[in-house]
Every structure is written in structure tokens, then in C-alpha cells.
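Data block below; observations after.
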Amino acid sequence: MSYAIRAEGLVKRYGDKLALNGVDLEVPTGKVIGVLGPNGAGKTTTVRILSTLMRPDAGRAAVGGHDVVKDPVRVRALIGLTGQYASVDESLSGVENLVLLGRLLDLSKRQARARAAELLERFELTDAATRPISTFSGGMRRRLDLAASLVGRPQVLFLDEPTTGLDPHTRNEVWEVVRGLVLDGSTVLLTTQYLEEADQLADRITVIDEGRVVAEGRPGELKRRVGGQILYVRPTVATDAEKVAWILTELTGAAPIRDRNTGLLTVPADDPMLVSALVRRLDGTGITADELGLRLPSLDEVFLALTRQNTVAERNVA
């Protein structure tokens, strides 16, 4: 198997803070790898090292077979990067932004205009091509930012939280763009805090927490790694949530996770008989539920379980 990205033992410090603590990463050519982690986990630092914007304090990494420290010029010729926020010039039009980037990449005027027209059509921005970016919607800006990262026809694309702040409809538009890029043969490293995004797009997932890789595998493999099923219940009366949480803890030995937006309580459960036991306990206390049952864990629950395990492990070592 060929790898577009390989990293071994990456370490990065910011003063006394250890941002990366021995990160290993492998991205097969033509695949999408999702890098997940909470704020401050080290996702963006990893991308900045791989895209030659920052040097690691230890470890090594290669993109397209070229060392990011020893041969950064060749690496930059292979990659495109879209950060968390749009990097286009709002005072210019869409076509002007793309032509400018093409010229900076040593394309002739004719080549730059042709490439700009091609990308504007691909990202469904042709009708707005001559409008100032300041008039674009958030989704249009994001699509133009993605187009800008493709002007140089990169073999490897880094997408650092590309849908941050976008509404669900616009996020779906960006997902379709990413799927199209992969069909065309691009390799994508995607960092995100949206678990659904990783589930939708990534062939494999690497979970980083506190600067270290705590898990990696296909989405289904990570779900199986957590094991068992999820017992869920949503009490009809919101004020019953505390009583239900106490009952779940007593039945399973684990404190449930409570979604305060939906009122849903969830807890890992290996025994299917827990459903009937919970029904009896709720009935005995006069509590009714709008939802109750067992299901496989979601990627969100896998993520929470993995990062929680890492926290517990740290405490045990300390």
C-alpha cells in the first residue's frame, strides 16, 4: 500500500505546553482520513507541521515521499490547504482571487484564467464569479476557499475543520465537494470536531487527545472497540432526568451521559435484559418515557468514551 502521508513520533511544544506528544499517522493514497479531537488536542498543530507551516521539535513526517523539514518546497508543490476560516481576499471577486493564486503559482495569465473558470464551474460559482467576496454567503465563501486550495492541482489536500460555523445545508454542500475530490483521486486529511462529518466522509479515523493518538481505525471498528450497546431513555417529564440518571447508574454501574438539548440519557449496556429491568424500575417510580431502548453506539459516543478513557489513564499514571 502506498502512503501519501506518513508521520512518526511528532512532538511540538509551545513554551511549557506539550501540544503534540509522539503522534504517528499514516494516510493511504486516495483515501480520506479523519483526525478527531477536542479543542486543543493537537489537530491543527499536526496539519501545520504536515503542510510545512511549522517545524516539529522531534519526530519526522513525509508527504508524497518528501520530508516536510528537509524538502518543504517539494511538499508545498504537492499539497493544498484549507484552514478553519476563509482565506480569500474579500475586496476581490471570486475570479480575481483564483487568477491571483494561479499567477502566484507561476501559471501564465491564460492558464490562470482557464483554471479559475474551471474551478468556478466545478464549485457552482460561475454566476457569482465577478461579484466581490464580501457579497458571498458563508457557503459560497467556503466553496471558493476550497477552490482556491485546488488551483495548483494538489495531490494531497489538508482540510482543517472546513465546515466550522456552517449551517447543516452548507455543510452538506462541502461534503459533496470532498466526495468529488476523492473520486478524482485526491488524498484528503480532514480534521473536524463534527463526529457525523467523519462518519460520512472518512475511510479511517484517528482520534487525538492531549497531543497523543488514543485510537485509530474504521468508524465501524471504533464503534466495536467501545463494545456493547447503548441503553437510552428520554423521560417524558424533564425534571425526572435526575431520578432516571440515578436508576441507570444503579442498574449499569456507570453514570449516564445526558444531552441537555434533547433530554436523552445514554449509558453503555452489555445485557439486553437491562431494558426490561429499566422499564420495571421506571414503572415502580411512576416515571414515563418517550423513548427507551438499546442501539449500537454512535461515533459521538465512541469519541466521548475514548477521550474519557484517556483522561482516566492520565489520572491513574499521575
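Shown for the chain: the carbon plus sulfur share of the solvent-accessible area, taken with all protein chains present and a 1.4 angstrom probe, equals 49%. Our coupling estimate for the range 42-47, obtained by passing each phi through the Karplus curve with A = 6.51, B = -1.76, C = 1.60 and θ = phi - 60°, is x, 5, 5, 4, 4, 4 Hz, Gly and Pro reported as x.
For the chain, what does the helix formula give at 222 nm: sum of -39500 (n - 2.57) over DSSP H segments with n ≥ 4, over the residue count, nearest 500 deg cm²/dmol?
Numbers: 11 runs with 126 residues, N = 318.
Counting only the DSSP helices, I get -12000 deg cm²/dmol.
Normalised radius of gyration (Cα atoms, divided by 2.2 N^0.38 Å) for the chain: 1.18.
Taking amide H as placed 1.01 Å from N in the peptide plane, the amide H of VAL214 sits under 5 Å from that of VAL207, ILE208, ASP209, each at least 5 places away or on another chain. Against the chain, whose longest principal axis is taken from its Cα atoms, helix 138-149 shows a tilt of about 50°.
Dipole orientation for the chain: of the candidates LEU159, ALA215, GLY37, LEU159 has the Cα lying most toward the positive pole (charges on Cβ; Lys, Arg +1; Asp, Glu -1). Report the normalised scattering of the range 1-153 as log10 I(q)/I(0) at q = 0.17, 0.21 Å⁻¹, calculated by the Debye formula with identical scatterers on the alpha carbons. Results for the range 1-153 at q = 0.17, 0.21 Å⁻¹ read -1.02, -1.21. Looking at the chain, the accessible area is 51 square angstrom per residue; that uses a 1.4 Å probe and ignores ligands, DNA and RNA.
Sort the range 106-206 into rounded, prolate or oblate with this rule: let a ≥ b ≥ c be the square roots of the eigenvalues of the Cα gyration tensor; rounded if a/c is under 1.5, and if a/c is not under 1.5, prolate when a/b is larger than b/c, oblate otherwise. Oblate, because a/c is 1.5 or more while a/b does not exceed b/c. Using a Förster distance of 22 angstrom, determine the FRET efficiency expected from the C-beta separation of ASN39 and ALA255, and round it to 0.05. Computed FRET efficiency for ASN39 and ALA255: 0.45. For the chain, the antiparallel share of DSSP beta bridges with both residues in that region comes to about 65%. Is the shape of the range 17-78 rounded, prolate or oblate, going by the alpha carbon gyration tensor and its root eigenvalues a ≥ b ≥ c, with a/c under 1.5 for rounded and a/b larger than b/c for prolate? Here the range 17-78 falls in the oblate category.
Placing unit charges on the Cβ atoms only, positive for Lys and Arg and negative for Asp and Glu, gives the chain a dipole magnitude near 920 debye about its Cα centre.
For the range 160-259, the spread of Cα coordinates along the three principal axes comes to 52, 29, 24 Å, biggest extent given first. Label positions at ARG295 and LEU104, each projected 7 Å from the Cα along the C-beta direction, are separated by 4.4 nm.
Which of TYR194, TYR14, TYR232 moves most in a GNM of the chain, Cα contacts under 10 Å? Among TYR194, TYR14, TYR232, the largest mean-square fluctuation in the Gaussian network model of the chain belongs to TYR14.
Could you tell me which of rounded, prolate or oblate describes the range 45-108, using a ≥ b ≥ c as the square roots of the eigenvalues of the alpha-carbon gyration tensor, with rounded for a/c under 1.5 and, failing that, prolate when a/b is larger than b/c and oblate otherwise? Could you put the intermediate results ahead of the total?
Details: a/c = 3.66, a/b = 1.83, b/c = 2.00.
Oblate, since a/c reaches 1.5 and b/c is not below a/b.
Each residue, ARG6 and VAL69, gets one label point 7 Å from its Cα in the Cβ direction; the gap between the two is 1.7 nm. Rg/Rh for the range 182-224 to two decimals, with Rh computed the Kirkwood way over all alpha-carbon pairs. That ratio is 0.98, to two decimals.
The values are calculated or read from the model by the stated rules, or taken from the named source; none is laboratory data. Note that the structure is a prediction, hence the values are computed from the model and not measured. Quick reminder, even Gly has a Cβ in these numbers, built from the backbone with ideal geometry, and neighbours come from all protein chains shown. When the accessible area is computed, the model is the full protein with side chains, heavy atoms only, and any ligands, DNA or RNA have been set aside. Shrake-Rupley method; radii C 1.70, N 1.55, O 1.52, S 1.80 Å.
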